[in-house]
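Following: one structure in structure tokens, then a few remarks.
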Amino acid sequence: MNHEFQMSLDTQSILLLCGQFGKKSISGVQPLTTPEYTWLAHWLLEQKMRPADLLGPEVTTKLTSLSSQTITANRLLALLKRQTAMAAALESWNQQGLWILSRSDKMYPSRLKARLGPAAPPLFYGIGDPLLLHKGGLAIIGTRDTNKSVIDFTRRLAKLSAHQGITVISGGAKGVDTEALLTTLAQGRCAIGVLADGLLKAALANKYRNAIEENRLVLISPFAPQIGFNTDNAIARNQYIYTLADWALVVNCDDEPGNVLAGALENLQAGWVPLLVWQEEKISLGNQQLLNQGAIAIDHAILQHTTDLREQLQLLTHQVRESAAVIPPPTLPLTAPTKLEITEPETTEQNFAEEILQVNRLPMIPASPATPVSATPIDLFEIVWPYLESQLQTETTEQTLIDILNLHPAQLKIWLKRAIESGKIRKLNKPVRYLNAHVYSALEKQPALF
């Protein structure tokens with residue numbers, strides 16, 4: 001395992017502004033929150049500056065036009081002077097294999113930018129292969145308090161996902177989260193853990209170490225590696241579990257307003273990914289509440305009779321998208337520290353784009369039976385489109401679509417042309433790639449700087 005990469009000046013600046021290098025504030029001022037940094041990012045755009053420009057010798061002069069009552073020049077200067085503390089922290093983190101991504105980095109997960117927009121965190125700390133963050137997969141979510149039936153279902157679901165090459169994404173907490181991750185890793189497959197705390201401790205844990213070394217596990221957190229458990233952080237990180245995934249399945253949750261129920265309801269409201277809920281004989285009140293709010297019920301049959309879990313999930317995705325269109329990130333006012341996202345137009349480097357885009361493969365779509373002359377003609381495009389759309393949440397090349405959908409190149413070209421003409425997708429050039437029109441529109445509204 002070797003995932004060290006040169007930290008850009010933009011990322012160094014963002015780390016100084018938003019990072020935490022000890023349990024207490026070293027400079028006497030608090031690092032910027034996500035809304036505060038986003039406000040500053042918008043101000044930088046107006047000034048035709050980048051975060052790296054704040055590291056120059058004329059920074060004091062450049063900050064004279066700041067108009068925020070909370071994001072003052074003195075506060076920013078104090079944060080930017082933490083160079084020594086940052087260097088010491090980076091040396092320690094690098095020794096343990098940790099890396100840092102900022103919103104200015106092209107390797108930053110494009111799903112998060114497209115789905116969260118303004119709420120995408122300025123920084124992610126991680127260990128393991130960052131390319132896994134671009135694969136999508138199935139989020140398996142549940143509570144710490146479990147029983148035998150919950151653990152059994154979680155293990156069987158994770159094992160089925162692993163055997164069919166579906167990356168499992170979870171939160172890393174005790175109970176369902178840990179069982180989902182460890183079961184997947186035991187099958188020799190890939191997983192993503194989104195942690196609310198304890199990244200340094202998890203990076204050294206024996207249960208994860210081999211998988212990290214073998215590039216089968218990536219652990220990430222938007223919170224500094226040394227940060228301990230905090231309920232608010234646990235609730236906040238839920239959105240990253242959902243937005244990194246293609247589907248989410250809640251195994252169990254109670255009806256208290258805790259992080260599992262809160263995260264699932266947030267996903268239902270935002271429409272990030274289809275939400276499935278396990279419906280056992282004695283269903284919990286929390287699970288029932290999610291079903292009442294529009295989640296899709298599944299039971300043990302999905303484990304006993306499903307020969308292609310991915311195909312079943314794709315069909316469920318189609319059901320959800322028929323009833324609700326993809327919701328782009330909201331447009332927020334800019335009168336105070338806000339959550340305005342600023343993104344890169346390119347989400348991946350070309351030299352590793354193909355590896356990133358080798359994601360969940362769909363089965364060969366069976367040929368339709370011959371249509372009687374007297375019958376209404378079948379429009380195969382409407383059948384194939386949900387599968388095609390699901391693969392275009394991030395920029396995807398034509399060859400990747402051919403490989404994933406097992407389509408003849410000539411047929412794919414016809415359907416891509418039709419989707420472009422109907423406004424469903426956008427074609428991007430240099431290199432040629434395609435993107436869902438809803439996602440494209442959301443990104444186009446955001447300044448393409450960092």
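All of the numbers you see were taken from the coordinates with simple rules; none came from a lab. Note that this is a predicted model, so its numbers are computed, not measured. Please note: Cβ atoms are built from the backbone with ideal geometry, for glycine as well, and neighbour counts cover all protein chains shown.
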So for each of 288-297, 184-193 I average, over its residues, the number of other beta carbons within 10 Å; can you give me the resulting order with the highest mean first?
184-193, 288-297
Name the shape class, rounded, prolate or oblate, that the alpha-carbon gyration tensor gives for the stretch 88-223, where a ≥ b ≥ c are the square roots of its eigenvalues, rounded holds for a/c under 1.5, and otherwise prolate holds if a/b is larger than b/c and oblate otherwise.
prolate
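Dipole size in debye (nearest 20) for the stretch 96-214 around its Cα centre, Lys and Arg Cβ +1, Asp and Glu Cβ -1?
Working: 16 positive and 9 negative charges, 43 e Å.
It comes to approximately 200 debye.
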Ranking request for peptides 217-227, 196-206: highest mean number of other beta-carbon atoms within 10 Å first, then the rest in descending order.
217-227, 196-206
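Viscosity 0.890 mPa s, temperature 25 °C: Stokes-Einstein D of the stretch 9-96 from its Kirkwood Cα radius, in µm² per second? Could the numbers behind the result be given before it?
Values: Rh = 13.4 Å.
Translational D for this selection: 183 µm²/s.
Which ordering of Phe124, Phe229 is given by a fewest-first count of other beta-carbon atoms within 10 Å?
On the way: Phe124 24, Phe229 10.
Ordered from fewest to most neighbouring Cβ atoms within 10 Å, Phe124, Phe229 come out as Phe229, Phe124.
Would you list Glu266, Glu421 from fewest to most Cβ contacts within 10 Å?
Glu421, Glu266
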Of the listed pairs Lys159/Lys424; Lys106/Lys413; Lys81/Lys201; Lys207/Lys424, which have alpha-carbon separations greater than 32 Å here?
Lys159/Lys424; Lys207/Lys424
A correct fewest-to-most ranking of Val168, Val384 by other Cβ atoms within 10 Å would be Val384, Val168
Starting at the first residue of the stretch 413-428, write each ³J(HN,Hα) from the Karplus equation 6.51 cos²θ - 1.76 cosθ + 1.60 with θ = phi - 60°, in whole Hz, x for Gly and Pro.
4, 5, 6, 5, 4, 5, 5, 5, 5, 8, x, 7, 9, 10, 9, 10
Taking the Cα centroid of the stretch 247-306 and of the stretch 25-94, what is the distance between the two, rounded to the nearest whole Å?
41
Expressed in nm², what is the orientationally averaged projection area of the convex hull enclosing the Cα positions of the stretch 113-323?
10.9
Going toward the positive end of the dipole of the stretch 1-125, with +1 on Lys and Arg Cβ and -1 on Asp and Glu Cβ, which of Pro121, Met86, Trp99 do you reach last?
Pro121
